[in-house]
Amino acid sequence: MEHQSVLLQKVIELLNIDPNGIYVDGTLGRAGHSSEILKKLDKGHLYCFDLDDAALTESKAKLEAISDSYTLIKANFADMKLELAKLGISKVDGILLDIGVSSPQFDDPERGFSYRYDAPLDMRMDQNQELSAYRIVNEYAFNDLVRVLRNYGEEPFAKQIARNIEKQRTIRPIKTTGELVEVIKASLPARVKNKAGHPAKQTFQALRIETNDELNNLKRGLEAAIEMLKPGGRLAVISFHSLEDEIVKKTYKTLSQPPLIDKHIPLKESEIPQPEFTLVTRKAIV
């Protein structure tokens, strides 16, 4: 079944695409959003970022069937400002960030993102990087494991899971997702294991975020995007869980509020500073 992009038509509509504008898809994936942006361009150009070699290879064939007005860049979207500067681009008309792991990555057992398959522990979006979920699970100190599980997975049983990981790896390394799932299950009380949802969900999310430094990259990517938007340009961000959502909402709120001024300073209405950015939608679209 072909991958379905999230909020596809709504995102394209709200980007308000100028056929002659410059656009950035910071999270190319399988080019669902990029394809629709590219179809709307005339003299404009689309720059697509991704770390995943498989995504870049598959998307190239899809995009070149539409137009040649695109450039693929193997880099993290957090580095978009630097990478686009190399190509002489300093300002753009629109940016899309579809945060997190893509469903094709989840569906490929060998990538080790999913607890549904027994596969090597990996979870790297960029398969050339050194840090993997395997290294985190087998090399991180107890306190660091607890920090990761609590901060990125909001896992209430982080200490128990980390302690059992520590015990298991003294016997032999935890090499696969299946082996890790068994350790997690053994760490949880029965009332939790029997609840709806997979007992390993929060731990796997935490390991994936740590492996790919996702939240820090999101913050850096938002900063870069804000600096690069032209007047009238638009930034669209699709987030999937509360940790991402909080970062995006806080950034948007800060940008769309006027700067604080001392209420005792008398100002004419024309002198009151206005926010640099405006929210296109009052609330997040679900």
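The values are calculated or read from the model by the stated rules, or taken from the named source; none is laboratory data. From a predicted model like this one, the values you see are computed outputs, not experimental measurements. All Cβ positions, even for glycine, are placed from backbone atoms using ideal geometry, and neighbour counts span all protein chains on display. The accessibility values were calculated without ligands, DNA or RNA, using every heavy atom of the protein model including side chains. Shrake-Rupley method; radii C 1.70, N 1.55, O 1.52, S 1.80 Å.
Does the chain classify as rounded, prolate or oblate by the C-alpha gyration tensor (a ≥ b ≥ c root eigenvalues; a/c under 1.5 gives rounded; else a/b over b/c gives prolate, otherwise oblate)?
Working: a/c = 2.35, a/b = 1.48, b/c = 1.59.
The shape class here is oblate.
Could you give each residue of the stretch 55-71 its phi-based ³J(HN,Hα) in whole Hz, using Karplus coefficients 6.51, -1.76, 1.60 with θ = phi - 60°, and x for Gly or Pro?
Going residue by residue, I get 5, 5, 5, 5, 6, 4, 5, 5, 6, 5, 6, 9, 5, 9, 8, 9, 9 Hz, with x marking Gly and Pro.
Counting only the backbone N, which residues of the stretch 236-253 are under 11 Å from the spot 7 Å out from the Cα of residue 219 toward its beta-carbon?
So the set is 247.
For residue 20 and residue 263, what is the calculated FRET efficiency with R₀ set at 45 Å and r taken between the beta-carbons, to the nearest 0.05?
Details: r = 44 Å, r/R0 = 0.98.
FRET efficiency, residue 20 to residue 263: 0.50.
Can you list, bin by bin at 5 Å, the percent of alpha carbon pairs in the stretch 68-184, starting at 0?
Final binned percentages: 2, 10, 16, 18, 16, 12, 9, 8, 6, 3, 1, 0.
How many nm is it between the label spots at residue 179 and residue 62, if each spot is 7 Å from the Cα in line with the beta carbon?
Going from the residue 179 label point to the residue 62 one covers 3.5 nm.
Which residues' amide hydrogens lie under 5 Å from the amide hydrogen of residue 240, considering only partners 5 or more residues apart or on another chain, with H built in the peptide plane?
Amide H to amide H, under 5 Å and 5 or more residues apart or across chains, residue 240 pairs with 245.
At a Cα cut-off below 20 Å, give the lysines reachable from residue 250, other chains included and same-chain residues fewer than 8 away excluded.
Of all the lysines, those that pass the test against residue 250 - Cα under 20 Å, at least 8 places apart if same chain - are 219, 283.
Quick one: which of 10/62; 60/201; 39/91; 60/249 span more than 23 angstrom between C-alpha atoms?
On the way: 10/62 21 Å; 60/201 32 Å; 39/91 21 Å; 60/249 32 Å.
Long pairs (Cα-Cα over 23 Å): 60/201; 60/249.
Solvent-accessible area per residue for the stretch 1-141 at a 1.4 Å probe radius, Å²?
On the way: 6600 Å² over 141 residues.
Value returned for the stretch 1-141: 47 Å² of accessible area per residue.
Give the residue list of chymotrypsin sites (Phe, Trp or Tyr not before Pro) in the stretch 202-286 that are DSSP loop and have at most 13 other beta-carbon atoms within 10 angstrom.
Values: sites: 204, 240, 252, 277; in loops: 240, 277.
Of the chymotrypsin sites (Phe, Trp or Tyr not before Pro), the ones in loops of the stretch 202-286 whose Cβ has at most 13 other Cβ atoms within 10 Å are 240.
Of 100, 186, 44, which is farthest along the charge dipole of the chain in the positive direction, counting Lys and Arg as +1 and Asp and Glu as -1 at C-beta?
With unit charges placed on the Cβ atoms, the residue in question is 186.
Amide H neighbours of residue 229 under 5 Å, at least 5 residues apart or on other chains, H built in the peptide plane: list them.
92
Springs between alpha-carbon pairs under 10 angstrom, Gaussian network model over the chain: which of 105, 129, 274 fluctuates most?
For the chain, modelled as a Gaussian network with Cα springs under 10 Å, the answer is 274.
From the phi angles alone, apply the Karplus equation (6.51, -1.76, 1.60; θ = phi - 60°) to the stretch 24-35 and give each ³J(HN,Hα) in whole Hz, x where the residue is Gly or Pro.
Residue by residue, the stretch 24-35 yields 10, 9, x, 9, 3, x, 9, 6, x, 5, 4, 4 Hz.
For the stretch 152-250, what relative contact order do you get, as a whole percent, if you take Cα pairs closer than 8 Å and at least 6 residues apart? Don't skip to the end; give the middle numbers.
Numbers: 52 pairs, mean separation 27.6, N = 99.
With pairs under 8 Å counted, the relative contact order is 28 percent.
Using r as the Cβ-Cβ distance of residue 171 and residue 13, and R0 as 35 Å, what FRET efficiency do you calculate, to the nearest 0.05?
On the way: r = 55 Å, r/R0 = 1.57.
E(calc), rounded to 0.05, equals 0.05.
Probe of 1.4 angstrom, ligands and nucleic acids ignored: what's the accessible area per residue over the stretch 152-196, in square angstrom? All intermediate terms of the calculation are to be shown ahead of the outcome.
Numbers: 2630 Å² over 45 residues.
Solvent-accessible surface per residue comes out at 59 Å².
Would you work out what percent of the accessible area of the chain, with all protein chains in place, is carbon or sulfur (probe 1.4 Å)?
Values: 7830 of 15650 Å².
Carbon and sulfur together cover 50 percent of it.
Taking H placed 1.01 Å from N in the peptide plane, check which residues at least 5 places from residue 47 or on another chain put their amide H under 5 Å from its amide H.
Hits under the 5 Å cutoff: 23, 24, 25, 71.
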